[in-house]
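The values are calculated or read from the model by the stated rules, or taken from the named source; none is laboratory data. Everything numeric here is computed off the predicted structure, so don't read it as measured data. Note that we place each Cβ from the backbone using ideal geometry, even for glycine, and neighbour counts take in every protein chain shown.
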Amino acid sequence: MSNFSLAHKVKRKIKVGGSDTNSCICIVAQSNDFVYIYVMSRSAKTTSSLPRQVEKCLVKLGADLRIARERRGESLRSWAARVGVSVPTLQRLEAGDPSVGVSVYAVVLWLVGRVGDLENLADPAKDQQALFQEILKISRKRRGDQK
């Protein structure tokens with residue numbers, strides 16, 4: 001039996017869990033002598049409450065990756081096949097949808113020859129804020145030792 005015909009035989013939809021991020025939706029469907037239970041996790045709360053700057057960055061990244069695809073003369077369908085995702089997922093990526101997995105972004109960056117940028121994105125040696133905090137911590141410790 002296809003998923004399409006199962007969707008028409010859905011008996012009930014049940015919310016499992018509370019208001020935490022681990023809650024999910026269960027769909028119970030019946031076909032002949034079988035009962036199918038589909039469990040789908042809820043989308044992460046972080047995608048609905050992103051800082052505006054993060055949203056803007058994702059939208060720009062998606063648009064830039066769309067331009068990279070178009071400049072290479074690739075269709076949505078062929079590019080999605082090369083990435084290993086569906087066309088709708090690729091369209092969501094190009095729209096800056098925050099629910100698209102980071103691995104999908106990584107594959108697209110690899111296809112456009114920019115995966116090295118991702119590799120060094122969070123390089124600890126370039127984390128100026130953490131370096132500054134470590135220097136402050138060391139200087140405070142030295143002052144404490146001198147007293």
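Below is a table of values for the structure above.
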| read-out | value |
| --- | --- |
| Tally, over the stretch 112-123, of residues that are more than 18 Å from the chain's Cα centre (by Cα) and over 14 Å from LEU61 (Cβ atoms) | 4 |
| Residue match in the stretch 126-147 (condition: farther than 21 Å from GLN53 by Cβ and in contact with a Leu (Cβ under 9 Å, 6 or more places away or on another chain)) | no |
| Pick from the stretch 73-95, criterion outside any helix (DSSP H, G or I) and either touching a residue at least 40 places away in the same chain (Cβ under 8 Å) or in contact with a helix residue (DSSP H, G or I) (Cβ under 8 Å, 6 or more places away or on another chain) (or both), ranking: surrounded by the most Cβ atoms within 10 Å (Cβ to Cβ) | VAL85 |
| Qualifying residue in the stretch 45-67 (condition: at pLDDT 95 or above, small (Gly, Ala, Ser) and surrounded by 12 or more Cβ atoms within 10 Å (Cβ to Cβ)) | yes |
| Which numbered condition GLY84 fails, given (1) of a type outside the set (D, E, K, R); (2) within 30 Å of SER49 (Cβ to Cβ); (3) over 23 Å from the mean Cα position of the chain (by Cα) | (3) |
